[in-house]
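Visitor: If you scroll down you'll find the structure; I have some questions about it.
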Amino acid sequence: MAEEQMNFQAEVSRLLDIVAHSLYSEKEIFLRELISNAADACDRLRHAALTQGGLLGDDSSFRIRLKADPSARTLTIADNGIGMNREELIDNLGTIARSGTAAFVQQLENKAEGANLIGQFGVGFYSAFMVAEKVEVATRRAGEDRGWLWSSDGRGAFTVAEDADAPARGTRIVLHLRQGEEEYLDAQRIRQIVHTYSDHIAVPVVLESKKEDEPDETLNAASALWTRPKSEITDEQYKEFYHHVGHAFDDPWLRLHFKAEGVMEYTGLLFVPSQKPFDLFHPDRKPGVRLYVKRVFITDDCAELLPPYLRFLRGIVDTEDLPLNVSRELLQNNPRLAKIRQALVKKVLGELKQKAEAAPEEYANFWETFGPVLKEGLYEDGQQRDTLLALARFRSTTREGWVSLADYVKDMKPGQEAIYTITGDDPKALAKSPQLEGFAAKGIEVLLLSDPVDDFWLSMVPAYDGKPFKSVTRGGADLDSIGGGDKKDTAEAEQQDEAAPGIDALIAFVKLTLKDQVKDVRVSKRLTSSPVCLVADEGDLDMHLERMLKAQHQLDRSSQRILEVNPGHAMVKALAAQVGKDGAGGVVEDAAWLLLDQARIIEGEPLPDAVAFSQRLSKLVEKGLLAG
Ligand code: ADP
Ligand code: MG
């Protein structure tokens, strides 16, 4: 087949542009990325060979070979792993497979920003272009006849051609180094880079000697990191291992390295990242923890190993208790794996709990980053619910930082039976909700919940420590029975003192006017400064949840709401005084509709008839101006 030229996917071109212009100071990480890919390729072939005969031929010892050629100015990285066929070559080295990264690259505003972030989000294979002006990839997929050569200068296009000289199996990458990058031809420099970044790689990384009579040199320890005694592993080695398995580029926040012996035998080396992965909420993200059986890589896509609410974890689990040739089907509904999963969950949550106690500030950072994911466990994993409730942290109306449920309950007011919550999209807007007014007046703490998962777990979790969760936008505000110190008395007294005499007539009139637009109209106990608000009836769907479900097209009907009116509000009092007076009917009727629309606007509900709203408002203002 003749040579074919193809363009990179737009995001790759963009990425390469950033890479080429980056002043990133740690260019040397290109070697870590290429060695990491080579090691993955060996792992994948080792696993494929377990179920498919003949893939290894007579070459069953995996290795990664490095060769520097100063006269040609080339550095070669070759592996005898799984290799790529033509299609894989075009897909893998012409597009960005992980959609999270692609989306991230797309949104990068400019090159300077990209260059700054490059060390954080990682560019994998494409980092080769930081040091090379031309990259050639010769490869042959294990078990296939034809080999292929990919070549590119990293400027928009690449070529692919059949290549009889491709390795018998695996991939050989030749970097034609740019002017000024000669250091990567120096054995001492290569040794140092491999030692720093790739020592944990379980496949030998071998530097070819330049002289006939000198043996090749193995540069790394070449044993699986997690099998070594903890005392012999440095923080740096752990960190580089994390970068490799997690395709991550930040520093891990938390590390768990443990060995279970007994009924089940397994080793875990798990990390909690410090930064949020870009695809944390992307539906096609991959699980971040790899499964090994007896040191052999099995899969990096095992959904059964850990629950989705721990998907931020990175690392490996290596077990003695599954057969080496375990298939995908066998992994599903596997009782042994289920046991391991259970133990892992317990272990991780236990460790988080310790951190929460020992280092609350660090833990708050963690919660800020991964809390929304962990909270999914509240409705997915009934078994861990209590543990997760203890781990959960919240924003609230009465505190600056985060509050735990234990602290909330400790500070509850005398007579307070429930844990009060309000859900919404934006924490700042939430804090201004009129439904909070009465609670604020009494100094009662309300949890401000603004993650999409909040409505879902709240509908599943009845209580914490015997105290039910109760939304301040639903049902009656049982504020009378809660003692709130001085504030309470004045607020209540004010409201009662100033309650308008005609309020009952006004309520009746508004109810009559609005008919089935509302479920009920009533005097509010929760408002102190706003004139009106909407609340859901006890037992009805929460208002925010309903809006969310509608936005997701999971619901197409609207519940009727209750309109609450603040009898102490000047406008309400003025209206109450008008009800029943001759000739005031039209004005109060308009006002009734305006009260409802106001409440809808505050709630963030769309107005069913915005034109009518505008006409009524204009009419009233006009009247007011004429009167004044
Ligand atoms: P990542 O390693 O995070 O998937 P990379 O950009 O490093 O991203 O690599 C892209 C893909 O190219 C890999 O997922 C793999 O499928 C393929 N690839 C890269 N190097 C090799 C190699 N040496 N052998 C086989 N496949 C490779
Ligand atoms: Mg990679």
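Visitor: Looking for something in a loop (DSSP other than H, G, I, E, B), over 29 Å from residue 42 (Cβ atoms) and more than 21 Å from the chain's Cα centre (by Cα) - is there at least one such residue anywhere in segment 255-262?
Guide: yes
Visitor: Kindly indicate whether residue 180 is in the same structural domain as residue 10 (by TED's automatic domain parsing), out of contact with any Ser or Thr (no Cβ under 9 Å at 6 or more places or on another chain), within 14 Å of ligand 1 (Cβ to nearest atom) and farther than 30 Å from residue 280 by Cβ.
Guide: Considered against the rule, which asks whether it is in the same structural domain as residue 10 (by TED's automatic domain parsing), out of contact with any Ser or Thr (no Cβ under 9 Å at 6 or more places or on another chain), within 14 Å of ligand 1 (Cβ to nearest atom) and farther than 30 Å from residue 280 by Cβ, residue 180 comes out as no.
Visitor: Counting only residues that are modelled with pLDDT of 95 or more, give me the helices (runs of 4 or more DSSP H) lying completely in segment 277-380 with at least 3 of them.
Guide: By residue number, 335-358, 360-374, 376-380.
Visitor: When only residues in segment 352-382 that are closer than 17 Å to residue 461 by Cβ and acidic (Asp, Glu) count, which is nearest to the chain's Cα centre (by Cα)?
Guide: In this case the residue turns out to be 376.
Visitor: Of the residues 68, 38, 48, 2, which is over 21 Å from residue 137 (Cα atoms) and either of a type in the set (A, V, I, L, M, F, W, C) or at pLDDT 95 or above (or both)?
Guide: The match here is 48.
Visitor: All but one of (1) more than 35 Å from the chain's Cα centre (by Cα); (2) of a type outside the set (Asp, Glu); (3) modelled with pLDDT of 95 or more hold for residue 180; state the number of the condition that does not hold.
Guide: (3)
Visitor: Let me ask you something else. If you scan segment 158-185, which residues turn out to be in a strand (DSSP E or B), surrounded by 20 or more Cβ atoms within 10 Å (Cβ to Cβ) and in contact with a Gly (Cβ under 8 Å, 6 or more places away or on another chain)?
Guide: Correct list: 158, 170, 171.
Visitor: Here are 194, 206: which of them is of a type in the set (Val, Ile, Thr) and within 28 Å of residue 98 (Cα to Cα)?
Guide: Among 194, 206, only 194 is of a type in the set (Val, Ile, Thr) and within 28 Å of residue 98 (Cα to Cα).
Visitor: Right, something else. Identify the residue in segment 584-628 that is among the acidic types (Asp, Glu) and surrounded by fewer than 16 Cβ atoms within 10 Å (Cβ to Cβ) and, among all such residues, is modelled with the lowest pLDDT.
Guide: Within segment 584-628, the match that is modelled with the lowest pLDDT is 622.
Visitor: Which condition breaks for residue 156 when tested against (1) closer than 28 Å to residue 102 by Cβ; (2) modelled with pLDDT of 95 or more; (3) in contact with a strand residue (DSSP E or B) (Cβ under 8 Å, 6 or more places away or on another chain)?
Guide: Result: residue 156 passes all but (2).
Visitor: Cβ contacts < 8 Å: first residue farther than 17 Å from residue 246 by Cβ, restricted to segment 29-41; second residue aromatic (Phe, Trp, Tyr) and more than 6 Å from ligand 1 (Cβ to nearest atom), any location; separation 6+ or different chain. Result?
Guide: Hits for this filter: 31/184; 31/197.
Visitor: Which one is nearest to residue 28 (Cα to Cα), of the residues in segment 196-237 that are in the same structural domain as residue 259 (by TED's automatic domain parsing) and acidic (Asp, Glu)?
Guide: Among residues in segment 196-237 that are in the same structural domain as residue 259 (by TED's automatic domain parsing) and acidic (Asp, Glu), the one nearest to residue 28 (Cα to Cα) is 236.
Visitor: Out of the strands (runs of 3 or more DSSP E) lying entirely within segment 461-551, which hold 3 or more residues that are closer than 16 Å to residue 433 by Cβ, in contact with a Phe, Trp or Tyr (Cβ under 9 Å, 6 or more places away or on another chain) and at pLDDT below 85?
Guide: none
Visitor: Keeping to segment 106-140, report how many residues are more than 18 Å from residue 32 (Cα to Cα), at pLDDT below 75 and either within 16 Å of ligand 2 (Cβ to nearest atom) or basic (Lys, Arg) (or both).
Guide: Qualifying residue count for the region: 1.
Visitor: For segment 141-157, which positions are part of a strand (DSSP E or B), in contact (Cβ under 8 Å) with a residue 40 or more places away in the chain and either aliphatic (A, V, I, L, M) or within 16 Å of ligand 2 (Cβ to nearest atom) (or both)?
Guide: 150, 157
Visitor: Could you check, for segment 81-99, whether at least one of its residues is among the small types (Gly, Ala, Ser), buried (at least 19 other Cβ atoms within 10 Å of the Cβ), within 16 Å of ligand 2 (Cβ to nearest atom) and at pLDDT 95 or above?
Guide: Checked segment 81-99: at least one residue is among the small types (Gly, Ala, Ser), buried (at least 19 other Cβ atoms within 10 Å of the Cβ), within 16 Å of ligand 2 (Cβ to nearest atom) and at pLDDT 95 or above.
Visitor: Follow-up. Answer yes or no: is there a residue in segment 27-38 that is farther than 25 Å from residue 105 by Cα, surrounded by 15 or more Cβ atoms within 10 Å (Cβ to Cβ) and out of contact with any Phe, Trp or Tyr (no Cβ under 8 Å at 6 or more places or on another chain).
Guide: no
Visitor: Also, I was wondering about something else. Which members of segment 91-107 meet the condition of being among the aliphatic types (A, V, I, L, M) and within 11 Å of ligand 1 (Cβ to nearest atom)?
Guide: Selection gives 93, 96, 97.
Visitor: Return the only residue of 584, 576, 610 being in the same structural domain as residue 511 (by TED's automatic domain parsing), of a type in the set (A, V, I, L, M, F, W, C) and in contact (Cβ under 8 Å) with a residue 12 or more places away in the chain.
Guide: Matching residue, one of 584, 576, 610: 576.
The values are calculated or read from the model by the stated rules, or taken from the named source; none is laboratory data. All figures in this text were calculated on a predicted structure; none of them were measured in a lab. Neighbour counts run over all protein chains shown; Cβ positions are idealised from the backbone, glycine included.
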